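Worksheet: one structure, shown below.
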Amino acid sequence: MLKLSIVVPIYKVEDYLPACLDSILLPGREDYEIIAVDDGSPDRSGQIAEEYAARHPALIRVIHQPNGGLGAARNTGIDSAKGEFLLFLDSDDSLFPGALEEMLRELERDDGCDVIFFNDDQVDENGQLLSHSVSCAREGVFTLEEYPGLLLELPSACTKLWRRRLFLESGIRFPVRLWFEDLATTPRLYLRAGKMRAVPKAWLRYLLRQDSITNAKDPSRNREIITALSLVREDYRQQGALKRYEKELEISAVKHQLLFSTVRVNQMDPRSPLQKELKQNLDRTWPRWRSNPYLSQLPLQHRLLLKLIDGGHYAAVHAMMAANDRIKGKNR
C-alpha cells in the first residue's frame, strides 16, 4: 500500500496550480501519489493538471468531474485514494521545500497515530508573511480524551495527515457545497481517532487570496456556520460523547458563531440582522454558554467583543474591528 495520497481539488486556479504541484513532486518516489480532482474548472486548470500527469504518470492521476464544490472534490479524492494516509492540499497553496520528504519520514515511523498535525505560514499574493499558525498547541502523542482542548484548535483539514481508514470505516465525508466544511468534519474524525501526534514544523504555505471565504462579500453564507456546528453536535450526541465534551463543543460554537462569523458579517454590514440570528441560535442551542469555564481563557479582545455582541452593540463591534485593522496596517 502507498504511504500517502495527496488530494488536490482544482477549480479556477490556473495561476496557482503549477506552484502547488511543483511543491509536491518527488520523481522516483514510489511511496505516495497525487490525485488532482478537476472540479469542472472553466479555465485551463484541468489541462495544466493533465500536462503534469503526462510528465509524471507514475505520480499523478487526474480525475475530471462536474462542479460540486470543495467538499465534493475532496470526497472524490478520498474514494479514489490508495494511500494509508491522506493529505488535503488546496490548489492555491503549496508545501515548503523539503516538507514532503519530512512528511514521508514521519509516516515511516508508523507509531500507530491516526492523525499527525503540522503548522502553516499564511502569506499574501505577494509572498509576504502574514502570520504563523499552530495547528495543535500540544506536542507529542495524545488522544482526544487526554486533550479535549483540541476541539478549540483551528479545524483546518489541510494541516493534518489523516489515516484514510478514519473516513472509510466511519463513512464520514466532507459536506457538499457548505461553507465551513472543515469545521463540520475534523472534530468528528477526532472522535474516532486513537492516538494523534503534533509535529512542531511549518510544512504548509497557505495563500490568503482576496476571494477567499474570509474576504467574501456575501454575508448571508455565514449562516451556514449553524449547519456545520449542528452536524458536529449531533454526531457527538449519537456517539454518546456529547456530555463528555460539552464544554469544549460549546466554547467552539461561541468562538466560531460569534467571534468569527458574527464579526465577519459585522465587518461587511454592521446593520445585518444575521448577527442577531446567529446569537439567538447560539442561545437556544447552548443556553448556558455564558458560564463556560473556557471563557476566562480567551484573550481580552475576544472577551470584550463577546460582551458587545451579547449586548447587541454592533456599531461598537464595527468600530473596534476597524480600529484594530488600522493598527495592524500601521505595524506592517
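So, of the residues in the range 18-49 that are more than 22 Å from the chain's Cα centre (by Cα), more than 25 Å from Leu104 (Cα to Cα) and charged (D, E, K, R), which turns out to be most open to solvent (accessible area, probe 1.4 Å)?
For the range 18-49, the residue satisfying everything is Arg44.
Restricting attention to the range 312-330, does a residue exist that is under 21 Å from Leu183 (Cβ atoms), open to solvent by less than 40 Å² (accessible area, probe 1.4 Å) and of a type outside the set (Val, Ile, Thr)? Write out each step before concluding.
Residues of the range 312-330 that are under 21 Å from Leu183 (Cβ atoms), as a first pass: none.
Looking for residues that are under 21 Å from Leu183 (Cβ atoms), open to solvent by less than 40 Å² (accessible area, probe 1.4 Å) and of a type outside the set (Val, Ile, Thr), one finds none in the range 312-330, hence no.
Looking at Glu108 and the list (1) within 19 Å of Cys158 (Cβ to Cβ); (2) modelled with pLDDT under 95, which single condition is not satisfied?
Looking at each condition in turn, Glu108 falls short on (1).
Which pairs have Cβ atoms under 7 Å, sit 6 or more apart or on different chains, and link a residue in the range 29-42 that is assigned to a loop (DSSP other than H, G, I, E, B) to one that is of a type in the set (S, T, N, Q)?
If the second residue must be of a type in the set (S, T, N, Q), the pairs left are Gly40/Gln65; Gly40/Asn67.
Looking at this structure, is Ala202 out of contact with any Leu (no Cβ under 8 Å at 6 or more places or on another chain) and open to solvent by less than 30 Å² (accessible area, probe 1.4 Å)?
Working: out of contact with any Leu (no Cβ under 8 Å at 6 or more places or on another chain): yes; open to solvent by less than 30 Å² (accessible area, probe 1.4 Å): no.
For Ala202, the condition - out of contact with any Leu (no Cβ under 8 Å at 6 or more places or on another chain) and open to solvent by less than 30 Å² (accessible area, probe 1.4 Å) - is not met.
Just to be sure before I move on: is Ile10 buried (at least 17 other Cβ atoms within 10 Å of the Cβ), under 19 Å from Asn75 (Cα atoms), aliphatic (A, V, I, L, M) and at pLDDT 95 or above in the structure I sent?
yes
For the range 285-305, give me the residue count where each residue is touching a helix residue (DSSP H, G or I) at 6+ places or on another chain (Cβ under 6 Å) and under 24 Å from Leu242 (Cα atoms).
Qualifying residue count, the range 285-305: 4.
Suppose we keep only residues that are assigned to a loop (DSSP other than H, G, I, E, B) and of a type outside the set (A, V, I, L, M) within the range 50-75. Which one would you say is surrounded by the fewest Cβ atoms within 10 Å (Cβ to Cβ)? Can you show your working first?
Applying the first criterion (assigned to a loop (DSSP other than H, G, I, E, B)) to the range 50-75 yields 56-59, 66-69.
Cutting the leftovers down to of a type outside the set (A, V, I, L, M) gives us 56-57, 66-69.
Details: His56: 14, Pro57: 9, Pro66: 7, Asn67: 14, Gly68: 18, Gly69: 19.
Across the range 50-75, the extreme among qualifying residues is Pro66.
Looking at (1) at pLDDT below 95; (2) open to solvent by less than 40 Å² (accessible area, probe 1.4 Å); (3) not aromatic (Phe, Trp, Tyr), can you tell me which one Ile213 breaks?
Failing condition for Ile213: (2).
Do we have Asp15 as open to solvent by 10 Å² or more (accessible area, probe 1.4 Å), in a loop (DSSP other than H, G, I, E, B) and touching a Phe, Trp or Tyr at 6+ places or on another chain (Cβ under 8 Å) here?
no
The values are calculated or read from the model by the stated rules, or taken from the named source; none is laboratory data. Everything numeric in this text was worked out from a predicted model, so none of it was measured. So basically every Cβ, Gly included, is an ideal-geometry build from the backbone, and we count neighbours across all protein chains shown. Ligands, DNA and RNA are stripped out before the accessible areas are found, and what is left, the full protein with its side chains, is counted by its heavy atoms. Shrake-Rupley method; radii C 1.70, N 1.55, O 1.52, S 1.80 Å.
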